1. What shape does the stretch 49-197 have by the C-alpha gyration tensor, where a ≥ b ≥ c are the square roots of the eigenvalues, rounded means a/c under 1.5, and otherwise prolate means a/b greater than b/c and oblate the rest?
2. Can you find, among Asn244, Ile213, Ile196, the residue farthest towards the positive end of the dipole of the stretch 181-309? Put +1 on the C-beta of Lys and Arg, -1 on that of Asp and Glu.
3. Would you mind telling me the share, in percent, of accessible area of the stretch 88-218 contributed by carbon and sulfur at probe 1.4 angstrom?
4. Can you work out ³J(HN,Hα) from phi for every residue in the stretch 149-165, in order, using Karplus 6.51 cos²θ - 1.76 cosθ + 1.60 and θ = phi - 60°, giving whole Hz and x for Gly and Pro?
5. Using a probe radius of 1.4 Å on heavy atoms only, what accessible surface per residue do you get for the stretch 55-204? Whole Å² is fine.
6. Tell me, what are the semi-axes, in whole angstrom and largest first, of the equivalent ellipsoid of the stretch 154-199 as set by the roots of 5 times the Cα gyration tensor eigenvalues?
7. Please go through the residue pairs Lys57/Lys148; Lys209/Lys242; Lys107/Lys232; Lys98/Lys169; Lys169/Lys249 and name each one whose alpha carbons sit more than 25 Å apart in this structure.
8. In terms of solvent-accessible area of protein heavy atoms at a 1.4 angstrom probe, what is the ranking of Ile115, Ile125, highest value first?
Amino acid sequence: MAAAATMTAFNSYSPQQQQHHHHPTDTPQLSKKPKTVLHKHPLYTPPLHSKLSLEVKEKIMCLEVMGVDSGKAIALNPLIHSTSLNSIHDVITFLQSKFILQKDLPKIINLCPNILTSNINNDLIPVFNFLSCDLNVPEHNYRKVITKCPRLLVSSVEHQLKPVFHYLKRLGFRDLEALAYQDCVLLVLNVEKTLIPKLDYLISLGFSKPEAINMVLRCPGLFTFSLENNLKPKFKYFKEMKRNTSELKNFPQYFAFSLDKRIKPRHMEAVECRVEMSLKLLLKTTNQEFAELLRHRSKSRKFVNSSSM
């Protein structure tokens, strides 16, 4: 009986169904089989096994059947223990009513298990209202935004999303479509702890504030890159390449390329061939295009040298 209840708890839900407390009786189409045998699950090992209620066991089974790592989910969100199975079902049903597909749920929940214990009216509905009213995202495109950045669902609209949104607009992020579908991860970053320090760092490199702002507008990923693991070591190597910082102003995408797999190897090849090229050509060209550039410019240099003798 417990297994039957588990199987019906998270059955598939059509986006056309709008009643949050409706429990369809159709046979569910679950995304994955359980990853682990229930009695082997870490949360079932003695002495914990005897303390788990039937409902907790059902919740663990439901999460595993959905493809969610239940151990990790409960460790990150202990409130799952005390949240009713019906309440979790209502959250899943609500998400599916917003065109979130069943196959998307494992990724979303594994990344943000707090979603399972969210309050639909106070937490989730405001997020979708924000997407609709502030970012002009139509209902059928909610999935595109949420699957790109599930953290939106666990972010406060008043204390996180709107303040960042208004800050980005003041900087010059006016393309709402690009912000919604390409750079929505920016909306879950902290203005004081992340966005402003990144901008200040660019200014510290010698760029004016307008120049630094233009750089992040051209390459929004600059706001997401780690200062210690990305920006600083790449700028250090940039100086070792003896290039002018004006190149970074024109091509801030430099920071988006791998230092060890792209920047260093390409630079070393160019140095060996005694070929000079712009930062953009050095990094954006395909391997074949880059090799051809080296051959062509190397031959041209040799021809010039031989002609001058």
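The values are calculated or read from the model by the stated rules, or taken from the named source; none is laboratory data. No experiment lies behind these values; they were computed from the predicted model shown. Glycine gets a Cβ as well: all are built from the backbone with ideal geometry, and neighbour counts include every protein chain shown. Please note that ligands, DNA and RNA were not included when accessible areas were found on the heavy atoms of the full protein model with its side chains. Shrake-Rupley method; radii C 1.70, N 1.55, O 1.52, S 1.80 Å.
1. Verdict is prolate for the stretch 49-197.
2. Asn244
3. Details: 2760 of 5760 Å².
Using a 1.4 Å probe with all protein chains present, the stretch 88-218 comes out at 48 percent carbon and sulfur.
4. 9, x, 4, 4, 5, 10, 9, 5, 5, 6, 9, 10, 5, 5, x, 5, 4
5. Numbers: 6320 Å² over 150 residues.
Per residue, the stretch 55-204 has 42 Å² of solvent-accessible surface.
6. Working: eigenvalues 46, 36, 18 Å².
Values for the stretch 154-199, descending: 15, 13, 10 Å.
7. Numbers: Lys57/Lys148 31 Å; Lys209/Lys242 23 Å; Lys107/Lys232 31 Å; Lys98/Lys169 27 Å; Lys169/Lys249 21 Å.
With Cα atoms farther than 25 Å apart: Lys57/Lys148; Lys107/Lys232; Lys98/Lys169.
8. On the way: Ile115 0, Ile125 50 Å².
Highest to lowest solvent-accessible surface, that is Ile125, Ile115.
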